[in-house]
Amino acid sequence: MQPFRLTGYARGGGCACKIPPGELEAIVAGLGVSGAAVDPAGVPASGDLLVGLDHGDDAAVVGMDGESAIVATVDFFTPVVDDPYDWGRIAACNALSDVYAMGGWPLVALNLLCWPRGVLPLELATEVLRGGRDLARRAGCHLAGGHSVDDDGPKYGLAVTGMVRPGEMITLTAGRPGLPLSLTKPLGVGVLNSRHKATGDAFPQAVEAMTTLNRDAARAAVSAGIRCGTDVTGFGLLGHASKLARASGVTVLIESARVPYLDGAREAVRDGFVSGGTRRNLDWVSPWTDFAATSEADRLLLADAQTSGGLLVAGEIPSGTVIGELLPRSEQMVLVC
């Protein structure tokens, strides 16, 4: 088959193609659900909405009883790498991450596939779906059916349903001053993916990071009693840290020298391979972030739009790197030193 560079069929790549956080907040402002949902006949919906739109958590959670709750999420995006099988694995891993970030585990997922039929061979779509299937199997999650549409550009992801114990749920609102802040994956996949899109150079370290499940890190966090956290994706470390700070009423301190990065990330920034999504992230967080003497390169890396990034949790776990702590709320929501 003639080789196709999938990233050439997308304006953005991976989570860098998200609507910017400030614009997204404006879109959903006022849409938070208050009170119980009812159907047209006036019958209340089953279960209570425990987590919804209010704070921008990673998934919705509906409590069924005191012992169990349903976690629901959806995530899909444009190609982040040229290899269709790897893209399928990355997109599936990223979608499942939202369930892990809430302290839960996935049960079943459905494919979401947009494909430009007549432009890209259907055999490539098969490879994308095969990648998603194999990653879901590794996670122990059923992957059954889904939905497809003929679209101008390729997009893929999953709608995922999982479970969580309400007493073990991880949310953005449970942060308290004095807690350490840990990151479970190195940053830098955004700038490496931008370099891949521009040059075709392969970065296996980025693919490895993006296809590593957050399952074990989530289990460790729950076992350690951690109840505050999120995953780091399209809004970058700074964006997700600021959402946590706002929701919990704290200030997040990040020690930039302790933040881990993938090999080649700094060189990619130096050479200008920075996505528009990353620059928008930095513009969004700058008004409430004190950067002290942080360099421009470090600021861009801290704002780098991640795809299938790690967990950012308020606590310590064996697989995480402590990169800062939570402080009492001050004038700035994020301090970088």
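So which residues in the stretch 84-137 are aromatic (Phe, Trp, Tyr) and under 18 Å from the mean Cα position of the chain (by Cα)?
If we filter the stretch 84-137 for residues that are aromatic (Phe, Trp, Tyr), which is where we start, we get 85, 87, 100, 105, 115.
Correct list: Trp87, Tyr100, Trp105.
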So how many residues does the stretch 266-303 have that are closer than 20 Å to Val232 by Cβ and part of a helix (DSSP H, G or I)?
21
Criterion (under 19 Å from Arg195 (Cβ atoms), among the hydroxyl-bearing types (Ser, Thr, Tyr) and not in a helix (DSSP H, G or I)) met by exactly one of Ser319, Ser308, Ser330
Ser308
Scan (1) modelled with pLDDT under 95; (2) under 30 Å from Leu312 (Cα atoms) for the single condition Val119 breaks and write down its number.
(2)
Given (1) modelled with pLDDT of 95 or more; (2) in contact with a His (Cβ under 9 Å, 6 or more places away or on another chain); (3) surrounded by fewer than 19 Cβ atoms within 10 Å (Cβ to Cβ), number of the condition Phe203 does not satisfy:
(3)
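Out of Ala220, Ala292, Ala265, which single residue is surrounded by 15 or more Cβ atoms within 10 Å (Cβ to Cβ), more than 20 Å from Asp58 (Cα to Cα) and not hydroxyl-bearing (Ser, Thr, Tyr)?
Working: Ala220 fails: more than 20 Å from Asp58 (Cα to Cα); Ala292 fails: surrounded by 15 or more Cβ atoms within 10 Å (Cβ to Cβ).
Checking each option against the conditions leaves just Ala265.
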Cβ-Cβ under 6 Å pairs, at least 6 apart or on other chains, the stretch 126-149 side modelled with pLDDT of 95 or more, far side assigned to a strand (DSSP E or B) and among the hydroxyl-bearing types (Ser, Thr, Tyr):
Val128/Tyr156
Collect the residues in the stretch 179-215 that are closer than 30 Å to Glu67 by Cα and in contact with an Asp or Glu (Cβ under 7 Å, 6 or more places away or on another chain), keeping them in residue-number order.
Leu179, Pro180, Leu181, Ser182, Asn214
Of the residues that make up the stretch 45-67, is at least one in contact with a helix residue (DSSP H, G or I) (Cβ under 7 Å, 6 or more places away or on another chain) and at pLDDT 90 or above?
yes
The stretch 162-186, residues that are β-branched (Val, Ile, Thr) and surrounded by fewer than 19 Cβ atoms within 10 Å (Cβ to Cβ):
Thr173
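The values are calculated or read from the model by the stated rules, or taken from the named source; none is laboratory data. In this text, all values refer to a predicted model and were calculated from it rather than measured experimentally. Because the Cβ atoms are built from the backbone with ideal geometry, glycine has one as well, and the counts that use them run over all protein chains shown.
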